[in-house]
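One structure below.
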Amino acid sequence: MKLQQLRSFLEVARQDCNVSRAAQNLFTSQPGVSKQLRTLEEELGTDLFVRHGKHLSELTPAGVKIAATARDILQRVEAISAIAQEYTAENAGSLGIATTHTQSRYILPRVIKTFIERYPDVSLHMHQGSPMQISQLAADGTADFAIATEALELFSDLVMMPCFHWNRSILVPRDHALCQVSRLTLADIAAHPIVTYVYGFTGRSKLDEAFRKARLEPRVVFTAVDADVIKTYVRLGLGIGILASMAVEKRDEDLVSLDASHLFEYSTTSIGFRRGSFLRGYMLEFIEMFAPHLTRERVEAAVQSPDREALQAVFADLEIPVK
């Protein structure tokens, strides 16, 4: 059994049994990947995939269990390589970050600029997607870190660390009636058509929960994953915008930002990485640049936490900043 066979097997599984896409990601040929799979199955004496003719449809029960162990094996191999690189090329390597549009557009630029200046020989790779997608990217090793507000907790093999709390603002045109309201209520907001995030993005669940508790039915007329798109449709008069306060910029001076932090629970952005990962020195420094309270000592304590209860204890006395 060879590592390349396991890599081919896991990549095909990750690509929903699409051998062609797996071959592209592995920079090899489709026949080459198919041969690796056949050889591995012959060595193991069992089928790893359910086949319909020449096409693969899903993992077999044996394939599911073998895939879990294969991921652990490759993760340990990667950790060995990372440890060696830490001693042979301390300030060189790569860093993959999976995150949402809001984080990559409004929070990360200054951090990444500083990081690149300090580590010019580390190549940075940004992956954008939904919280579920980016959590999966970190869980399967495609990205080193996942930075998101939602979905990270659904992946038990991720170590999650709280970075900051944030809340929402209501964005309206300058002549909007809500500009005359001294302290907004949920009823005030529910009286107008709403433009906001797609469910599952940027704390949308907290927004829906607040209206549900107040027994109000908000009229959401347009949703998007991108705060800039939300602003565009607010400018067109489609409705009032509800978006993360961190997404309101000076250049949005044609719109009025109204505080809504008293109406919704704070959301928390976290950074997550695979349990058992070896974090190189520059990775630890990136985390501290992004969230200064996540010091090297605290992160290393989180890495050593055997379960979520122990992990929560690491951050029990931590004061999380608000942005």
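The values are calculated or read from the model by the stated rules, or taken from the named source; none is laboratory data. Remember, it's a predicted structure, so these values are computed and weren't measured experimentally. Note that we place each Cβ from the backbone using ideal geometry, even for glycine, and neighbour counts take in every protein chain shown. With ligands, DNA and RNA removed, areas are computed over all heavy atoms of the protein, side chains included. Shrake-Rupley method; radii C 1.70, N 1.55, O 1.52, S 1.80 Å.
What figure, in Å² to the nearest 10, do you get for the accessible area of residue 226 with a 1.4 Å probe and non-protein molecules left out? Around 40 Å² of this residue is reachable by solvent. Build a GNM of the chain with springs between Cα atoms under 10 Å apart, and of 58, 265, 288 the one that fluctuates most is 58. Where only DSSP H runs of four or more residues are counted, the chain gives -12000 deg cm²/dmol as its mean residue ellipticity at 222 nm, each run worth -39500 (n - 2.57). Where the accessible area of the chain is counted over protein heavy atoms with a 1.4 Å probe, how much of it, in %, is carbon and sulfur? Here it works out to 51 percent. Counting only DSSP beta bridges with both residues in the chain, the antiparallel share comes to about 60 percent. The count of lysine pairs in the chain whose Cα atoms are under 29 Å apart, excluding pairs fewer than 8 places apart on the same chain, comes to 17. The HN-Hα couplings worked out from phi for the stretch 48-53 by the Karplus form 6.51 cos²θ - 1.76 cosθ + 1.60 (θ = phi - 60°) are 9, 10, 7, 10, 10, x Hz, whole numbers, x standing for Gly and Pro.
Each 10 Å bin from zero up to the one holding the largest Cα-Cα distance in the stretch 11-170 carries the following percent of pairs: 9, 29, 33, 20, 8, 1, 0. Here the spin labels are modelled as points 7 Å beyond Cα on the Cα-Cβ line, and at residue 304 and residue 124 they lie 3.1 nm apart. Once you reduce the stretch 139-203 and the stretch 67-93 to the center of their Cα atoms, the two points are 35 Å from each other. What the phi angles of the stretch 217-231 give under the Karplus curve with 6.51, -1.76 and 1.60, with θ = phi - 60°, is a coupling list of 10, x, 9, 7, 9, 7, 10, 8, 8, 10, 4, 5, 5, 4, 4 Hz, glycine and proline written as x. The amide H of residue 164, built 1.01 Å from its N in the peptide plane, has 269 as neighbours under 5 Å, considering only residues 5 or more places off or on other chains. Near residue 127, the amide H atoms lying under 5 Å from its own belong to 97, 98, 99; only residues 5 or more places off or on other chains count, and H is placed 1.01 Å from N. Here the Karplus relation 6.51 cos²θ - 1.76 cosθ + 1.60, evaluated at θ = phi - 60°, turns the backbone of the stretch 127-135 into coupling constants of 10, 10, x, 6, x, 5, 5, 6, 5 Hz, with x for every Gly and Pro. Among 87-93, 239-245, sorting by the average number of other beta carbon atoms lying within 10 angstrom of each residue, highest first, gives 239-245, 87-93. Looking only at the stretch 1-156, where both bridge partners belong to it, what percent of the DSSP beta bridges are antiparallel (to the nearest 5)? Looking only at bridges with both residues in the stretch 1-156, the antiparallel portion is about 30 percent. Each of 224, 278, 191 was scored by the projection of its Cα onto the charge dipole of the stretch 185-287, and the greatest displacement toward the positive side belongs to 278; charges sit on the C-beta of Lys, Arg, Asp and Glu.
Extending 7 Å from Cα along the Cβ direction at residue 39 and again at residue 178 yields two label points whose distance is 6.1 nm. With the biggest extent put first, the Cα atoms of the chain measure 73, 48, 37 Å across the principal axes. Each label point was placed 7 Å from the Cα along the Cα-to-Cβ direction; for residue 213 and residue 142 their separation is 3.5 nm. Using the 1.4 Å probe convention, the accessible area of the chain works out to 51 Å² per residue with neighbouring protein chains retained. Please check which bits of the stretch 233-248 a label hung off residue 323 would reach, taking the label as a point 7 Å along Cα-to-C-beta and the cut-off as backbone N under 14 Å. Within reach of a label on residue 323, which here means backbone N under 14 Å from a point 7 Å along Cα→Cβ, the stretch 233-248 contributes 244-248.
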